[in-house]
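Take a look at the structure below.
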Amino acid sequence: GDSVTQMEGPVTLSEEAFLTINCTYTATGYPSLFWYVQYPGEGLQLLLKATKADDKGSNKGFEATYRKETTSFHLEKGSVQVSDSAVYFCALINSGGSNYKLTFGKGTLLTVNP
Amino acid sequence: DAGVIQSPRHEVTEMGQEVTLRCKPISGHNSLFWYRQTMMRGLELLIYFNNNVPIDDSGMPEDRFSAKMPNASFSTLKIQPSEPRDSAVYFCASSLGLAGPQVNIQYFGAGTRLSVL
């Protein structure tokens, strides 16, 4: 079945540091890929998405590129802020068949210190 | 739009009691999802509906769990009887539809934190 593997946290960075959170996936067909963010005490919010190979999703300074050859969708940000502290989830939907489930990774906790 | 609205935000109950969680999806969305989040198991999809019809309930853990969607603007998740291991955060999400990259983005509510003592 479909699966998403993301780097385990927690990740602790200083403000203005470079961020990478690795995400790889296993899926048949051509899934859509997502990064969701969960701030403390809140629900998940869509951060960015990519729907086909070589697409780059971007939002709020975060970027991720859909790499089919490496089945990866790594999240990057050039300069993190304290307000980026949250849990980040990589996810996919593989609607090539009849399965429309959003499959999540386990999440990566990011803490940014001033 | 107000987004996906869940109630209550917090629920504390005793083992054996019935618990009902409520969700109002975003207006115009045709698909609704119920998730459970725990530290041990992460995010688990329990059930999802399309056009008010349950499509896949294979994630519902036991017969103690049931979900309904009587109309396009309301859904409930019921646990009867509740047990301490049901303690978790329960999220509801909605999307325009199921298929296609423009419609399958899921929008989440703030969740209901359930504690069963």
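Any residue that is open to solvent by less than 10 Å² (accessible area, probe 1.4 Å) and more than 30 Å from B:Ala2 (Cα to Cα) - is there at least one of those in segment A:22-35?
yes
Name the residues in segment A:45-72 that are without any contact (Cβ under 8 Å) to a residue 12 or more places away in the chain and open to solvent by less than 60 Å² (accessible area, probe 1.4 Å), would you?
If the condition is that a residue be without any contact (Cβ under 8 Å) to a residue 12 or more places away in the chain and open to solvent by less than 60 Å² (accessible area, probe 1.4 Å), then A:Asp55 is the only one that fits.
Take segment B:67-93 and flag every residue that is in a strand (DSSP E or B), within 20 Å of B:Ser115 (Cα to Cα) and either open to solvent by less than 50 Å² (accessible area, probe 1.4 Å) or within 14 Å of chain A (Cβ to nearest Cβ) (or both).
Of everything in segment B:67-93, those that are in a strand (DSSP E or B), within 20 Å of B:Ser115 (Cα to Cα) and either open to solvent by less than 50 Å² (accessible area, probe 1.4 Å) or within 14 Å of chain A (Cβ to nearest Cβ) (or both) turn out to be B:Ala67, B:Thr76, B:Leu77, B:Ile79, B:Ala88, B:Val89, B:Tyr90, B:Phe91, B:Cys92.
Please count how many residues of segment B:94-115 are open to solvent by 10 Å² or more (accessible area, probe 1.4 Å) and modelled with pLDDT of 90 or more.
Result for segment B:94-115: 5.
Within segment A:44-97, track down each residue that is closer than 18 Å to A:Gly29 by Cβ, more than 9 Å from every other protein chain (Cβ to nearest Cβ) and in a loop (DSSP other than H, G, I, E, B).
Across segment A:44-97, the qualifying residues are A:Ala53, A:Asp54, A:Asp55, A:Tyr66, A:Lys68, A:Glu69, A:Thr70, A:Thr71, A:Phe73, A:Asn94, A:Gly96, A:Gly97.
So for segment B:23-37 (the condition being charged (D, E, K, R) and either within 13 Å of another protein chain (Cβ to nearest Cβ) or open to solvent by 60 Å² or more (accessible area, probe 1.4 Å) (or both)), does at least one residue qualify?
yes
Which of the residues spanning segment A:8-19 are over 21 Å from B:Glu44 (Cβ atoms) and surrounded by 12 or more Cβ atoms within 10 Å (Cβ to Cβ)?
A:Val11, A:Thr12, A:Leu13, A:Glu15, A:Ala17, A:Leu19
The values are calculated or read from the model by the stated rules, or taken from the named source; none is laboratory data. Just so it is clear, the model here is predicted, and its values are computed rather than measured. Neighbour counts run over all protein chains shown; Cβ positions are idealised from the backbone, glycine included. Accessible surface areas use protein heavy atoms only, side chains included; no ligands, DNA or RNA. Shrake-Rupley method; radii C 1.70, N 1.55, O 1.52, S 1.80 Å.
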